[in-house]
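All of the numbers you see were taken from the coordinates with simple rules; none came from a lab. Note that the structure is predicted; figures quoted are calculated from it, not measured. When we count neighbours, we look across all protein chains shown, and the Cβ atoms used for this are built from the backbone with ideal geometry, even at glycine.
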Amino acid sequence: MPVAMEIENNGTIDMKAIKVNAIGKPCPLPVVMAKKALSGAGKAGVVVFVDNEAARDNVVRMAEKGGFKVKTYRKTQKGFKVDIKKSLLSKKKEAEKTKQTVSKEKIVYLFESDFIGTNRELGKVLSNGFLIAIEELPERKSSIVLMSRGVKLAIKKSYVLNRLKSLEGKGFNILICGTCLDYFKIREKVDVGKISNALEIMKCMTEAEKVIKF
């Protein structure tokens with residue numbers, strides 16, 4: 001669905017609307033921030049500020065999928081404002097959501113490198129982004145398995161260490177390959193998760209309904 005675009009004409013924002021400043025935030029944070037704001041928003045809704053078209057479109061799709069009324073404005077040459085308000089459809093979807101039970105499906109997220117893809121700098125951004133996305137999912141029976149160079153994500157000063165600690169605190173089981181740690185001589189640097197072995201890791205993946213590899 002194409003995104004509706006309007007140029008803001010010195011319009012005023014309802015002071016009761018929740019303002020979300022997602023400027024400069026990497027994917028998927030603009031969507032995550034908007035969703036959290038919407039969960040506590042009143043009739044005035046939520047106003048989200050982003051600085052690129054991809055973030056704008058992602059927020060719009062999320063809101064439209066939830067049945068909300070959405071308008072977008074060009075705030076500056078490089079920024080956008082997304083105005084989101086509740087509708088009868090969004091209220092119906094919220095009611096349906098409360099009746100849904102959390103899936104009991106067991107999923108294993110397998111990280112075999114300390115970044116995703118072939119470009120290291122981009123791969124770090126992607127790894128952080130996907131871990132944020134995993135944390136936002138309602139399922140808490142899932143596991144994260146770190147193997148090969150992926151074990152470096154769990155050591156002190158890792159760029160995603162706090163993200164992994166947050167996931168562990170919310171119920172995610174984090175298993176780290178002990179053989180891999182010994183190979184890189186970093187066993188003593190582990191700061192999150194459980195140092196595991198091939199048998200336990202294999203059992204975890206075999207019992208899972210899905211294994212998603214990064």
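Neighbouring Cβ atoms within 10 Å as the yardstick, rank 205, 62 fewest first.
On the way: 205 16, 62 21.
Least crowded to most crowded, the residues run 205, 62.
How about the range 144-194: which chymotrypsin sites (Phe, Trp or Tyr not before Pro) there are in a DSSP loop, with at most 15 other Cβ atoms within 10 Å of their Cβ? Walk me through the numbers before you get to the answer.
Working: sites: 159, 172, 183, 184; in loops: 159, 172.
When the chymotrypsin sites (Phe, Trp or Tyr not before Pro) of the range 144-194 are filtered for loop state and at most 15 Cβ neighbours within 10 Å, 159 remain.
Mind checking the range 104-203 for trypsin sites (Lys or Arg not before Pro) that DSSP puts in a loop (not H, G, I, E or B) and that have at most 13 other Cβ atoms within 10 Å?
104, 140, 156, 157, 170, 185
With a point put 7 Å past each Cα toward its Cβ, work out how far residue 179 is from residue 125 in nm, to one decimal.
Reported label-point gap for residue 179 and residue 125 is 3.6 nm.
Return the subset of 25/189; 69/106; 152/194; 85/141; 25/165 for which the Cα-Cα distance in this structure is over 24 Å, preserving the input order. Show your work: numbers first, answer last.
Numbers: 25/189 30 Å; 69/106 35 Å; 152/194 13 Å; 85/141 33 Å; 25/165 21 Å.
Too far apart for the 24 Å limit: 25/189; 69/106; 85/141.
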